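Presented below is the structure to which this report refers.
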Amino acid sequence: MFLRGISINACPVNNLFEAMLFVCWGLVVACLALGISSRLRFIAAFASPLLFAMGVFALMPALDTVPTGAPQFSGWLVSIHAAMILLAYGAFGMAAVSAIMFLTQDHNLKLKKLSAVLSVMPPIQRLERVSSGLVVAGFVMLTLGLLAGAGLPRPEGLSYFADVKVKWSALLWFAYCAVILCRWRFDLAGRHFAYAVAGVFTFLLLTFWGTNLLSSLHNP
Amino acid sequence: MIVALGLSHHSSPVELRERFAFAESRIPEALQILRRSGNIEEAVILSTCNRVEIYAVAGDSDASRGFSTVREFLSEFHKHEAPHGPEFYTLTEPDSLRHLFRVAAGLDSMVMGETEILGQLKQAYQVALENGHTGARLNRAFQRAFQAAKQIRTETKIQRGCVSVASAAVGLAEHIFNSLADQEVLVIGAGDTSEKTARALLSRGARGVVVANRTGERSEALAATLGGRAIPFENWELEMERLDIVISSTSSPGYVLDRARLEPILKRRHGRALLLIDIAVPRDIDPSINLLDSVYLYNVDDLQGIADDSLRQRREEIERCEAIISDRLQGLLVAHSLREGGLFFQDAPTRA
């Protein structure tokens, strides 16, 4: 990623392969940062299958396309836009991993299984706090990324809000905004919060590729 | 020859064990008296609430002389005749060494697999070592026993889980709350098990205890014992809005807490997790409460079930622990016989 970034003199997020790798990198950085606390280190075990699946997906043929001609957009604002949004996806991914860990442990505790007491997972209260913190961090990065995108020069003949990816990003922004507002104002917590975080990220994972392909702005 | 003799919770009641217990400060003096007899070359005294044991190196030819020396020493030191029955066990090699290894690993403990005994054994060995009462034989045996205990702790599940109702409650609390240091415990009703559970939570770092009981004096007494505070029984609902761990053990014939009563409290708690431990029989808390989000309800059977499952799992591990001990013991005995024959100066290797 570093060498590619040097060669194109920009953040290496110009195609789906690079974008996926950048998200994986973001997730690994988050895992390593959270792993400073020994009781959160186990989060990496849950993140590994997600990282593996994303890595395999990134290796699919035709994802690493070589851009033809000069890029439509260039400059630091594009790098900020792409990097912020992909790091936000990484934060949302880690929040979803924490939420799934929460749901697993909550299920074991509710059913009074011995595994709930023998588990090496962090306590559910900590998982909920981590998940909540990562959603807020991801939301801030997503907002900054979208604002950076809005500041880019408009291509002739194309309307931003007619683009599928822009509409999808706005929908994602509203979804996470709703999760944060519900938690803040309406005590969305525990299982319901975890389902919401995991659900929105599942939507993100399942629709990310499709909307990218349909977008004339992001997949010219 | 290494011999082991003494009394433990398996062989004798506490009334007998306490007569032969050694005060920590008197152990160096006791070791000196024991070795002064001339029949004991090396010795370690282990004295805990569950066992009084002496590990000693007696003359190789006659272990019985070593046993009688130690027996006389015990009778004289404690001014009480040492028993001759099965309550006072005497072991010779290799049983004495196997016993030492089992004690170090917690396999001979009242709570199987507990780790406190290893610390106590290390302390007993250290006292003997520092006062010059151990030599090559006991040093090697104790070092091997500590290594075996470490291997057992890392390679088996003998120390995992919670084997009592109180420890199961602590285990649950530790898997729910970020830190027990932030938690105060509300005790409704003042029973014996609720006291033990509250005490276990306090020992693991809980910040304090609030006691609500219908009888004010009992409430005050329990609060004083646990270093907490007593509140009028009617105020427990108010406290539940603030506190996250509740132990209930009233003698009420019906439910003290049901969904209709809890749901308004939960709204005021803003989604914080709540651990309810219902130790009362008949039960104090409506079991359907467990269906509510962020509420974890355990009754005494649930906690006992967790403790029983843990104990079963520990028992299943015994075979693996015994295999490790046999392996380590074999290595020690082979090394010893080679050394006796003057063939090697290094310990014989053991299987990994």
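Read the figures in this text as sums done on the coordinates, not as results from a lab. Just so it is clear, the model here is predicted, and its values are computed rather than measured. No Cβ is skipped: glycine too gets one built from the backbone with ideal geometry, and neighbour counts run over all protein chains shown.
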Review point. Which whole-percent values make up P(r) of segment B:215-352 when all C-alpha to C-alpha distances are grouped in 10 Å steps starting at zero?
Key: 10, 26, 20, 11, 9, 11, 10, 3, 0
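What is the projected area of the convex hull of the Cα atoms of segment B:67-181, averaged over all directions, in nm²? Write down the numbers at each step before the final one.
On the way: hull surface 42.8 nm².
With every direction weighted equally, the projected area is 10.7 nm².
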Study note, to complete from the structure: To the nearest 10 degrees, the tilt of helix B:216-226 (Cα long axis) against the first principal axis of the alpha carbons of chain B is 40 degrees
Point to revise | Prolate/oblate/rounded label for segment B:207-275 (Cα gyration tensor, a/c 1.5) | key: oblate
Check your understanding: Sorted from largest down, what three extents in whole angstroms do the Cα atoms of segment B:173-251 have along their principal axes?
Key -> 33, 23, 20
Review point. Taking Cα atoms, how many degrees apart are the long axis of helix B:259-269 and the longest axis of chain B, rounded to 10 and kept between 0 and 90?
Key: 80 degrees
**Study point:** Angle in degrees between helix B:192-203 and the longest Cα principal axis of chain B, rounded to the nearest 10
**Key:** 70 degrees
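With N residues in chain B, what two-decimal value do you get for its Cα radius of gyration over 2.2 N^0.38 Å? Each step should come with its number before you reach the end.
On the way: Rg = 25.7 Å, N = 352, 2.2 N^0.38 = 20.4 Å.
Output field value: 1.26.
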Check your understanding: Does segment B:32-94 come out rounded, prolate or oblate, given a ≥ b ≥ c as the square roots of the eigenvalues of its C-alpha gyration tensor, rounded meaning a/c under 1.5 and, failing that, prolate meaning a/b above b/c?
Key -> rounded
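Out of the DSSP beta bridges found with both residues in chain B, what percent are antiparallel (nearest 5)?
Numbers: 17 of 40 bridges.
Once the DSSP bridges in chain B are tallied, antiparallel ones form about 45 percent.
Would you order B:I152, A:I100 from fewest to most other beta-carbon atoms within 10 Å of each residue's own beta-carbon? Each step should come with its number before you reach the end.
Details: B:I152 27, A:I100 19.
Neighbour counts put them in this order, fewest first: A:I100, B:I152.
What shape does segment B:1-67 have by the C-alpha gyration tensor, where a ≥ b ≥ c are the square roots of the eigenvalues, rounded means a/c under 1.5, and otherwise prolate means a/b greater than b/c and oblate the rest? Please report the intermediate quantities before stating the final value.
On the way: a/c = 2.68, a/b = 1.47, b/c = 1.82.
Since a/c reaches 1.5 but b/c is at least a/b, the shape of segment B:1-67 is classed as oblate.
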Practice item. Mind pulling the per residue volume of the convex hull built on the Cα atoms of segment B:76-138? Å³ is fine. Key: 132 Å³
**Study point:** Shape parameters for segment A:98-153, alpha-carbon atoms, Rg then Dmax in Å
**Key:** 17.2, 58
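Using only the alpha carbon atoms of segment A:169-220, find the Kirkwood hydrodynamic radius as the inverse mean reciprocal pair distance, in angstroms to one decimal. Before the final figure, lay out each step's value.
Numbers: mean 1/r = 0.0821 Å⁻¹.
Kirkwood hydrodynamic radius for segment A:169-220: 12.2 Å.
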Review point. Looking at the protein assembly as shown, what % of the alpha carbon pairs are farther apart than 35 Å?
Key: 57 percent
Exercise for review: Could you tell me the largest-minus-smallest coordinate of the C-alpha atoms of chain A on each of the three principal axes, in descending order and whole angstroms?
Suggested key: 61, 37, 27
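How would you rank B:E93, A:E18, going from fewest to most other Cβ atoms within 10 Å of each one's own Cβ?
Numbers: B:E93 18, A:E18 22.
Listing B:E93, A:E18 from fewest to most nearby Cβ atoms yields B:E93, A:E18.
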Practice item. Evaluate 2.2 N^0.38 Å with N set to the residue count of segment A:1-52, then give the Cα radius of gyration divided by it. Key: 1.35
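What's the exposure ranking of B:V187, B:V3, A:V28, B:V295, going from fewest to most Cβ atoms within 10 Å?
On the way: B:V187 30, B:V3 23, A:V28 15, B:V295 19.
Listed from fewest to most nearby Cβ atoms, that is A:V28, B:V295, B:V3, B:V187.
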Review point. Dipole size in debye (nearest 20) for chain B around its Cα centre, Lys and Arg Cβ +1, Asp and Glu Cβ -1?
Key: 640 debye
Study note, to complete from the structure: Computed over segment B:169-243, the relative contact order (Cα-Cα under 8 Å, seq sep at least six) in percent reads 31 percent
